[in-house]
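Have a look at the structure below before the remarks.
Read the figures in this text as sums done on the coordinates, not as results from a lab. For clarity, every value in this text was computed on a predicted model and none was experimentally measured. Note: ideal-geometry Cβ built from the backbone for every residue, glycine included; neighbour counts use all protein chains shown.
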Amino acid sequence: MSEATRHLAEYDSAERYRATIVSSERITPEASSEEVRELVLDVERPHFSFQLGQSVGVIVAGSEAFGKEHHFRLYSVADLLERGPSGMPRIKIAVRRCSYIDAYSGEEYPGVASNYLCDLVPGDSLLMTGPFGIVFEVPEEHDANLILIGSGTGIAPFRAFVKHIYRDVPDFRGRVWLFYGARSGLEMLYMNDEKNDFSQYYDDETFRAFKALSARPGWSDVIAWDSALQERGEELWAMLSDAKTYVYVAGLTKMLEELDAVFATIAGSKEEWHRRKAELMAGQRWVELVY
Ligand SMILES: Cc1cc2nc3c(=O)[nH]c(=O)nc-3n(C[C@H](O)[C@H](O)[C@H](O)COP(=O)(O)OP(=O)(O)OC[C@H]3O[C@@H](n4cnc5c(N)ncnc54)[C@H](O)[C@@H]3O)c2cc1C
């Protein structure tokens with residue numbers, strides 16, 4: 001079972017709480033066929049906190065027709081914790097409206113939780129649990145390099161992470177290289193004409209952001225990691241060979257295979273890449289948040 005469809009019973013969800021929608025804003029341009037919405041939520045749990053990279057659980061009531069089974073889905077926290085006017089913790093999540101093709105009928109159905117969330121309006125209340133999941137730590141060595149690789153909604157945790165580094169860790173001197181993959185420029189969350197959160201760090205000489213787009217977005221081609229990563233292959237390999245480099249990856253599971261193929265070319269062979277990646281993983285310097 002994929003991480004994205006794990007059941008509620010597999011998580012310690014004893015602590016449930018309600019949250020109220022403060023706002024729901026579409027963050028992909030209208031011209032894009034992808035709808036991603038940023039939801040701002042006031043969490044009715046005064047001591048709520050989370051670590052960077054973690055996700056919150058959303059519990060959606062099931063329908064009578066399917067035995068009322070509750071649906072449980074995770075969403076990465078997409079910004080640093082704030083406080084609303086009432087002092088309650090305020091968080092953001094970025095939700096992509098998903099659908100799936102039924103294996104038997106071949107028909108397309110709306111995904112339960114993402115459609116539920118995307119249809120909520122300010123003032124609506126929802127049931128939540130968590131936070132859960134892996135953490136993207138800021139390395140103890142403040143001259144460490146960070147290679148952040150996100151695709152689609154996988155950019156959400158990096159938005160919070162990059163903001164934290166440049167806002168709260170003033171002596172961080174390492175390089176922060178962000179690679180962001182999407183099918184088209186219209187689907188670049190937080191890096192498009194309307195909402196460009198990362199532009200505030202462009203002036204920082206340690207920060208660089210690189211876009212990886214599909215060659216033919218209409219054809220669902222794979223994201224062009226090769227051009228974005230391979231073009232900087234020599235520098236990347238030098239960074240990856242440095243004992244102080246951390247690689248954090250977030251997005252859909254299929255990106256792992258795509259990345260392995262590109263990094264094998266950069267490393268010179270599959271074997272060399274597998275060896276290096278295994279070392280990075282063993283030292284907890286390669287961390288994956290995939291779904
Ligand atoms: C740790 C973790 C963090 C996650 N963070 C986010 C997040 O920040 N934002 C977010 O939108 N989703 C995120 N997800 C996915 C989310 O939990 C749900 O799986 C997703 O919203 C689909 O749920 P659904 O009930 O609407 O559709 P379902 O009926 O469960 O499935 C719909 C289909 O869409 C695919 N799918 C699921 N998520 C995505 C996606 N983001 N982009 C493209 N295809 C997808 C599924 O593989 C499935 O085929 C995360 C999952 C995990 C495990």
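So here's what we get for this one:
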| read-out | value |
| --- | --- |
| All-pairs Cα distance distribution in the chain, expressed in whole percent, bin size 5 Å | 1, 5, 11, 16, 18, 17, 14, 10, 6, 2, 1, 0 |
| Between helix 254-267 and the chain: long-axis angle, C-alpha atoms, 0 to 90°, nearest 10 | 10 degrees |
| Exposure proxy ranking, count of Cβ atoms within 10 Å, fewest first, for Glu34, Glu69, Glu187 | Glu69, Glu34, Glu187 |
| Degrees separating the helix 155-168 axis from the principal Cα axis of the chain, which is the longest one | 70 degrees |
| Alpha-carbon Rg with Dmax, taken over segment 145-290, Å | 14.7, 44 |
| Contour minus Cα-Cα distance for Arg83 and Leu256 (0.36 nm per residue) | 58.7 nm |
| The chain: relative contact order as a whole-number percent, Cα under 8 Å and 6+ apart | 17 percent |
| Likely footprinting exposure, Tyr246, Tyr180, fewest C-beta neighbours within 10 Å first | Tyr246, Tyr180 |
| Stretch gain in nm, segment Gln284-Asp204, where the contour uses 0.36 nm per residue and the Cα spacing is subtracted | 26.1 nm |
| Förster radius 35 Å - calculated FRET efficiency between Glu231 and Glu108 (Cβ-Cβ, nearest 0.05) | 0.45 |
| Extension gain from Val135 to Glu272, taking 0.36 nm per residue of separation minus the Cα-Cα distance | 46.6 nm |
| Sequence of Met88, Met128 once ranked by neighbouring C-beta atoms within 10 Å, starting from the fewest | Met88, Met128 |
| Within segment 128-159, backbone nitrogen closer than 18 Å to the virtual label 7 Å beyond the Cα of Lys195 toward Cβ | 150-159 |
| Antiparallel DSSP beta bridges within segment 158-291, percent to nearest 5 | 10 percent |
